[in-house]
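The values are calculated or read from the model by the stated rules, or taken from the named source; none is laboratory data. Everything quoted here is computed from the prediction, not taken from an experiment. Reconstructed Cβ throughout: ideal geometry from the backbone, glycine too, with neighbour counts over all protein chains shown.
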Amino acid sequence: MAKLDCYSRKTKERVTALEDEFNPWDRARVSIRVFRDCPDMPTVTQFAAVIAGTLEELDTPVMDEALIQGYCFRDVPVHEGVSASSLWKLQCAFPELSNNLRRFFDSALVPEDFRREFRYWREHPRSPMGDPTLREKHSLLLSEEIVKPGGGGAFGHTLPDHGILMESGIDALLAQIGEKLCADITESQRAVYLSMQTCLEALSCYISRYAAALEKAAAAQTDPELQKRLDAQGSNMRVIAHKRPETFWQALQLLYFSHFMDQLDNKGDAASYGRADQILYPFYKADLDAGRLDRETGFMYLLHFALKNWKPQSSCNITVGGQTADGKDAVNDVSMMFIEAMDAMSLAIDLTVRYHKNTSEEFFKAAARLARRGFGRPSFYSY
């Protein structure tokens with residue numbers, strides 16, 4: 001089993017102390033402002049404005065020892081009976097999607113100043129799917145139970161195609177959206193494209209602010225190794241604020257930010273990565289082929305990505321293994337490193353292993369050994 005170095009141990013200590021925890025009030029404050037002041041704005045545009053406004057107001061916390069930066073939704077539980085004392089945080093973060101605000105208002109666990117600010121929602125309860133035009137528009141999704149109105153609640157289970165952002169980069173996607181906006185499109189299509197544009201521009205600005213924060217932290221750092229790592233992360237942020245990732249390390253950081261964006265839009269905890277090993281492997285292989293990365297360093301980057309995705313209760317799934325589109329074994333070195341990372345950090349992430357009749361014995365046994373440690377993960381699915 002790989003061992004954690006001193007910086008990784010410190011990162012684990014700070015992660016499990018929830019030092020990088022997202023404050024639900026940061027999003028709630030923006031949500032109140034947008035839905036109160038712009039009631040006639042298209043719903044998709046309102047949600048984009050909430051995401052962009054939240055990113056604009058968020059600070060950029062730097063963990064000096066960490067190799068992947070960003071806020072986490074760790075202590076925002078979804079299910080009853082788990083971290084019950086923190087359940088109010090979910091209602092707080094997503095008031096426009098919450099269908100049980102009365103309990104939120106009445107809970108003694110909720111800070112009094114939060115309850116005062118949330119009077120707007122008591123007077124203006126929302127039910128996004130209560131609009132009959134929306135029900136008609138999404139009748140197929142409702143009839144097949146792909147979505148459920150749930151009295152206005154929305155509970156995650158999203159799986160964005162993170163690969164679109166990873167393969168193109170922010171500026172290239174903005175250029176594509178600009179072309180769409182110049183075409184002959186409907187008003188509803190225009191609202192969607194403008195919302196995408198709003199979110200991507202906000203993400204680009206946020207990542208640029210993170211670059212500045214990392215460079216400032218590097219200048220203040222007295223440990224030469226940490227200074228070097230922080231400077232490198234600042235440079236990484238400068239790249240991914242606009243362009244496609246150029247390295248495996250940059251790809252891991254942008255993938256995490258893409259996931260964070262999904263969580264800002266998604267009340268549920270089940271905001272998943274999908275087949276992360278398939279998304280990340282081309283960047284890893286390109287680094288190896290170019291001689292700018294060795295496996296040990298690549299593993300350390302991925303270990304910190306895994307640490308960033310730990311939480312006491314999680315349905316943010318990462319899937320590895322399986323088959324390629326042409327039926328070949330899809331297991332690669334990144335697949336194995338996810339197994340090794342979870343083993344090394346001795347913390348559970350929501351990891352799924354896909355296996356099939358041609359899965360290598362080495363990979364399957366490594367996953368089985370990890371399962372024997374009693375984490376309840378990885379889960380196994382035959383494909």
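Picking from 346, 382, which residue would you name as being of a type in the set (Ser, Thr, Tyr) and on the phi > 0 side of the Ramachandran plot? Don't jump to the end; show me each part of the working.
Numbers: 382 fails: on the phi > 0 side of the Ramachandran plot.
Step by step, each of 346, 382 is checked, and only 346 is of a type in the set (Ser, Thr, Tyr) and on the phi > 0 side of the Ramachandran plot.
Does residue 256 meet the test of being under 22 Å from residue 277 (Cα atoms), assigned to a helix (DSSP H, G or I) and at pLDDT 95 or above?
Criteria met by residue 256.
Taking region 42-71 as the search range and keeping residues that are of a type in the set (Ser, Thr, Tyr) and more than 18 Å from the chain's Cα centre (by Cα), which one is surrounded by the most Cβ atoms within 10 Å (Cβ to Cβ)?
Checked region 42-71; the qualifying residue surrounded by the most Cβ atoms within 10 Å (Cβ to Cβ) is 45.
Does region 291-313 contain any residue that is in contact with a Ser or Thr (Cβ under 9 Å, 6 or more places away or on another chain), over 27 Å from residue 14 (Cβ atoms), modelled with pLDDT of 95 or more and assigned to a loop (DSSP other than H, G, I, E, B)?
yes
Count, please, the residues in region 261-293 that happen to be under 18 Å from residue 233 (Cα atoms) and among the aromatic types (Phe, Trp, Tyr).
2
Condition check: touching a helix residue (DSSP H, G or I) at 6+ places or on another chain (Cβ under 7 Å), assigned to a loop (DSSP other than H, G, I, E, B), farther than 28 Å from residue 291 by Cβ and touching a residue at least 24 places away in the same chain (Cβ under 8 Å). Does residue 243 satisfy that?
Judged against the criteria, residue 243 is not a match.
Suppose we filter region 35-58 for residues that are under 30 Å from residue 9 (Cα atoms) and either part of a helix (DSSP H, G or I) or at pLDDT below 95 (or both); how many remain?
1
Name the helices (runs of 4 or more DSSP H) wholly within region 91-200 that hold at least 1 residues that are touching a Cys at 6+ places or on another chain (Cβ under 8 Å), modelled with pLDDT under 90 and within 30 Å of residue 317 (Cβ to Cβ)?
101-106
Just to check your reading of the model, which residue among 261, 337 is over 14 Å from the mean Cα position of the chain (by Cα) and part of a helix (DSSP H, G or I)?
337
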